[in-house]
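Step one of this worksheet: look at the structure below.
The values are calculated or read from the model by the stated rules, or taken from the named source; none is laboratory data. Computed from a predicted model, the values in this text were never measured in an experiment. Every residue, glycine among them, receives a Cβ derived from its backbone with ideal geometry; neighbour counts consider all protein chains shown.
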Ligand SMILES: Cc1cc2nc3c(=O)[nH]c(=O)nc-3n(C[C@H](O)[C@H](O)[C@H](O)COP(=O)(O)OP(=O)(O)OC[C@H]3O[C@@H](n4cnc5c(N)ncnc54)[C@H](O)[C@@H]3O)c2cc1C
């Protein structure tokens, strides 16, 4: 019997795969999505209240907005900045000493936001790489390192007193490894409200329930005689398709597609979800953020009085921060994401073969948009 040939197979049901699946669904285009889970790096505690992977959404995440319920606002006034010998909050004297730098930084971020928002809009219908190259301001940022950009724009003190800690806690990467685009992208929370969120996993599940194949892909091959892709899975099944969308994390996509391209540098971190009694010194804000050289990355105080503890150490000294503690969950994010440097991967990898995800630009909203773009490409609605 001739095998069933699906129009599209999506591999991976993280937010990029979901973006693609949703757009195809809306247009009644046939597909299956093969993945061991739904949500990927959007993963939460059993009651869904504490986010173990992606942690915040920005108010400008217009596309993923329908899949999340916004929670508590993460307010800059509740951040505690931790240097080796002292700590301070946003309203410290430093802010006023560097007022001119702060104004310069805000103006830069406003310019970046304008370009970035337009780039996102265009990326729904055009290739991410082309859209980035077509905006010379963003393209130059992507290919410049953050440190030179900071030096050139004379914003060093304000950055190293505040933003370096925020970036260290959110990218798990020292500033010197970031490009200027990523630096500004992850600094947007200075001018854009950000919120904790709850992922509407049940609604996602409902929308793709009949299309989800719970399995993992082990091999991809192209059948030249029949012009179709064959996908072989862990459960030893074969699936065939005309269009193939690989929406796995970059290091897995690289392996599946046997890519020679170098990915961006990885960032890794241990995340511990803890309950316990925190010491008073560590109970002054809602988020503790640590400087670049520290192995501690962040402590996020949860609404239910538990804590998310991020560090590069597998066995941190919890006793420094807690009178007593219990580990509810430990995840070693290895990698958490690819974020260092400027290595770009093209989404179009061959005849009817697409690779999406967060190698080039990290974050839920961007990943979702690229899923939408690839769906538009399959539907013949893209502009390129
Ligand atoms: C700790 C942490 C904190 C973060 N914080 C934020 C944040 O605050 N805000 C933000 O916007 N972003 C944040 N991010 C980044 C964000 O989570 C990612 O950029 C985004 O979720 C990537 O989505 P994706 O679909 O490309 O990849 P993933 O979410 O990794 O999804 C990939 C999918 O592929 C599946 N898969 C893997 N291997 C196979 C296989 N062999 N066969 C089939 N399927 C497979 C996986 O199971 C998964 O479902 C964070 C990430 C981490 C790890």
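Scanning segment 241-262 for residues that are closer than 21 Å to residue 10 by Cα and either more than 13 Å from the ligand (Cβ to nearest atom) or assigned to a loop (DSSP other than H, G, I, E, B) (or both) turns up 241, 242, 243, 247, 248, 249, 257, 258, 259.
Can you pull out the residues in segment 17-40 that are outside any loop (DSSP other than H, G, I, E, B) and over 14 Å from residue 63 (Cα atoms)? Once the filter is applied, which keeps residues that are outside any loop (DSSP other than H, G, I, E, B) and over 14 Å from residue 63 (Cα atoms), segment 17-40 yields 24, 25, 26, 31, 32, 33, 34.
When 33, 42 are screened for being near the ligand (Cβ under 7 Å from one of its atoms) and in contact with a strand residue (DSSP E or B) (Cβ under 8 Å, 6 or more places away or on another chain), only 42 passes.
Has segment 270-288 got at least one residue that is surrounded by fewer than 18 Cβ atoms within 10 Å (Cβ to Cβ), closer than 20 Å to residue 20 by Cα and either modelled with pLDDT of 95 or more or in contact with a strand residue (DSSP E or B) (Cβ under 6 Å, 6 or more places away or on another chain) (or both)? No, the conditions are met nowhere in segment 270-288. A Cβ distance below 9 Å, combined with a sequence gap of six or more or placement on separate chains, defines the contacts here; from segment 325-336, residues that are without any contact (Cβ under 8 Å) to a residue 60 or more places away in the chain reach residues that are more than 10 Å from the ligand (Cβ to nearest atom) and outside any strand (DSSP E or B) in the pairs 325/318; 325/319; 327/318. Where helices (runs of 4 or more DSSP H) sit wholly within segment 160-236, those with at least 2 residues that are more than 10 Å from the ligand (Cβ to nearest atom) and more than 23 Å from residue 302 (Cβ to Cβ) occupy 180-185, 201-208. Residues in segment 181-211 that are free of Cβ contacts under 8 Å to residues at least 60 places away in the same chain and over 17 Å from the mean Cα position of the chain (by Cα): 202, 206, 209, 210. Taking every residue in segment 91-120 that is under 21 Å from residue 75 (Cα atoms) and pairing it with any residue that is at pLDDT below 95 and surrounded by fewer than 12 Cβ atoms within 10 Å (Cβ to Cβ), at least 6 positions away or on another chain, the pairs with Cβ-Cβ distances below 9 Å are 91/77; 102/96. Taking the listed residues 92, 37, the one that is under 17 Å from residue 212 (Cβ atoms) and surrounded by fewer than 21 Cβ atoms within 10 Å (Cβ to Cβ) is 37, with no other qualifying. Residue count for segment 345-383 under the criterion of being touching a residue at least 40 places away in the same chain (Cβ under 8 Å), part of a loop (DSSP other than H, G, I, E, B), away from the ligand (no atom under 14 Å from the Cβ) and out of contact with any strand residue (DSSP E or B) (no Cβ under 9 Å at 6 or more places or on another chain): the result is 3. Among the residues here, residue 337 does not qualify as within 12 Å of the ligand (Cβ to nearest atom), loosely packed, with under 15 Cβ neighbours inside 10 Å and not in a loop (DSSP other than H, G, I, E, B).
Yes/no matrix, rows are residues, columns are (1) more than 27 Å from the chain's Cα centre (by Cα); (2) surrounded by fewer than 11 Cβ atoms within 10 Å (Cβ to Cβ); (3) more than 15 Å from residue 349 (Cα to Cα):
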{"position": "214", "(1), (2), (3)": "no, no, yes"}
{"position": "220", "(1), (2), (3)": "no, no, no"}
{"position": "225", "(1), (2), (3)": "yes, yes, yes"}
{"position": "234", "(1), (2), (3)": "no, no, yes"}
{"position": "237", "(1), (2), (3)": "yes, no, yes"}
{"position": "248", "(1), (2), (3)": "no, no, no"}
{"position": "256", "(1), (2), (3)": "no, no, no"}
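Of all the residues in segment 5-24, those that are farther than 22 Å from residue 351 by Cβ and more than 14 Å from the ligand (Cβ to nearest atom) number 0.
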